[in-house]
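The values are calculated or read from the model by the stated rules, or taken from the named source; none is laboratory data. Since the structure is predicted, the reported quantities are computational estimates derived from the model, not experimental observations. Here Cβ is always computed from backbone atoms with ideal geometry, including for glycine, and neighbour counts include all displayed protein chains. Remember, those area values only see protein heavy atoms, side chains included, never the ligands or the DNA or RNA. Shrake-Rupley method; radii C 1.70, N 1.55, O 1.52, S 1.80 Å.
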Amino acid sequence: MQLHDLELSALQDRIAAARADFEAFQALKLHLDMTRGKPSAAQLDLADAMLGNLGPQDVFTASGEDARNYGGLQGLPEVRALFAGLLGAPPEQVVVGENSSLALMHDCLAWAMLHGVPGSTQPWSRESAPAFLCPSPGYDRHFALCEAFGIRMIPVPMTGEGPDMDVVEAHMRDPAVKGMWCVPLYSNPTGEIYSPETVRRLAQMPTGAPDFRLFWDNAYAVHHLTPDPAVLEDILPACAQAGHDDRAFVFASTSKITFAGAGLAFFGGSPANVGWFLEMAGRRSIGPDKLNQLRHLRFFGDAEGLKRHMDAHRAILAPKFDAVDAALRERFDDLAIAQWRRPRGGYFISVDARPGTARKVVTLARELGIALTPAGATWPGGHDPQDANLRLAPSFPPLEDVRTASQGIALCILIAALEAERDARLNS
Ligand code: PMP
């Protein structure tokens, strides 16, 4: 049923009932946080063996190098081989960074602005108004990087199979468009998966800027929530096949695999891009922490070990996503108010509330003691033109809290929609 099908008196009755539920929730004096996609303590515990798996005799690499010393800028070959699958790149086209892929994205942007990238005729900062396409809703920290570097952001709608490629291709003719953010697998926050057709078009499209880059953030490469993982087409071979070898910078990390503060981050790209990255990185550091690389190697052993570990994450995470989905379905089974999809992986559930109500939902949730990501955060500049999108992050709180918080959030979405409908009728 649609809200406008309800008689005004029935609408008023529903508001009264929902407000009574709200008061009952308020009496619980909750303190719940669904704001950020952090792994829970139980997930971090899964990698605890890594805290003590390196002894004094065990600090030598496969080639006999002492991992305690300087050097090895690109990362150990055996570690690059283990994680190459996350990037869809051969090990020789992978760099192991420190503990944050966001930091690598930051560095790539900074270097591009200061020096340009392979194929640039001048640094990006010399362009009159360099711009990035920003599939939206998207990852707020990507947008914050653009803001920090004065890069103009152009929102592009999502389709359920990645960004709207007609819109992308239309913008691409503009030489000021230097880059595009992509979270191609289990996108943050919509959870969608770029289709093979989307990947192909991104690789093939003509671009006005000869030095255009896809910032391909494969943060959720192995973070599946179902036993039948989705398959994402690898971007690097697709670009190479299209004759655009240097188009993609690929990023990934183990932040949500081992430790979110002490994992490994990765950069992948064409030989020219990897050469450029190492040239820049070599001025910034004499080499990365290879002991942490060895800890990861000893802990996983091989790709099969990595897969088993992600299955253990899934066992903890999937019930939390189920709990959010169940709470939303329970509340909205007879009223078409909120739209969401149950993601097959990643860390978020994106819910579209009634347009014009997302900010009110966040305020109501706060009154219930439930912290939500600020409305608008998933859009460039913090501005959701529909004021509809909410990003729910169920990974961190215990399952029981996720259940309670989701029921509270669903109630807030309902109240905001019912009252907006009532106000619209009374004001018309
Ligand atoms: N990219 C995306 C899409 C993310 O969701 C996150 C974490 N929320 C990151 C990057 C951050 O990655 P890292 O910890 O490697 O910096």
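Residue by residue, region 367-379 carries 3J(HN,Hα) couplings of 5, 8, x, 10, 8, 10, 4, x, 4, x, 4, 7, 10 Hz when phi is fed to the Karplus relation 6.51 cos²θ - 1.76 cosθ + 1.60 (θ = phi - 60°); x denotes Gly or Pro. Only lysine pairs 8 or more places apart or on separate chains count here, and in the chain those with Cα atoms under 16 Å apart total 4. Treating the angle as unsigned and between 0 and 90°, give the value, to the nearest 10°, between the Cα long axis of helix 101-115 and the longest Cα principal axis of the chain. Relative to the chain, helix 101-115 is tipped by roughly 70 degrees. In terms of the mean number of neighbouring beta-carbon atoms within 10 Å, the peptides 129-140, 73-84 order highest first as 129-140, 73-84. Rolling a 1.4 angstrom probe over the chain with all protein chains present gives an accessible area of which 52% lies on carbon and sulfur atoms.
Karplus-derived 3J(HN,Hα) values for region 276-290, using 6.51 cos²θ - 1.76 cosθ + 1.60 with θ = phi - 60°, are 4, 4, 5, 4, 5, 5, x, 7, 7, 8, 7, x, x, 7, 7 Hz; glycine and proline are entered as x. Calculated [222 nm] ellipticity per residue, helices only, for the chain: -13500 deg cm²/dmol; basis is -39500 (n - 2.57) per DSSP H run with n ≥ 4, divided by all residues, nearest 500.
Computed 3J(HN,Hα) for region 402-411, one whole-Hz value per residue from the Karplus formula 6.51 cos²θ - 1.76 cosθ + 1.60 where θ = phi - 60°, is 4, 4, 5, 4, 5, 5, x, 5, 4, 5, glycine and proline marked x. Compared with the dominant principal axis of the Cα atoms in the chain, helix 8-26 is inclined by about 60°. For the peptides 234-244, 295-305, the ranking by mean Cβ contacts within 10 Å, running from highest to lowest, is 234-244, 295-305.
Helix 77-87 versus the longest principal axis of the chain: what is the Cα-based angle in degrees, 0 to 90, to the nearest 10? Tilt relative to the chain: about 30 degrees. The local environment of Asp13, defined by Cβ-Cβ distances under 12 Å, has a net charge of +2 under the rule Lys, Arg +1 and Asp, Glu -1. Computed over neighbours whose Cβ is under 10 Å from that of Ala272, the net charge equals -2, Lys and Arg +1, Asp and Glu -1.
In the full protein context, region 316-418 carries 35 Å² of accessible surface per residue, based on a 1.4 Å probe and ignoring ligands, DNA and RNA. Taking region 110-229 on its own, what percent of its Cα-Cα pair distances exceed 17 Å? Taking all Cα-Cα pairs of region 110-229, the fraction more than 17 Å apart is 55 percent. Backbone amide hydrogens, once placed in the peptide plane, bring Ser136 within less than 5 Å of Val156, Met158, excluding anything fewer than 5 places away on its chain. Explain nothing, just the number: relative contact order of region 297-355, from Cα pairs under 8 Å at least 6 residues apart, as a whole percent. So the answer I get is 21 percent. Annotation: per residue accessible area for region 71-194 equals 34 Å², rounded to a whole number [probe 1.4 Å, protein chains only]. For the peptides 109-121, 274-286, the ranking by mean Cβ contacts within 10 Å, running from highest to lowest, is 109-121, 274-286.
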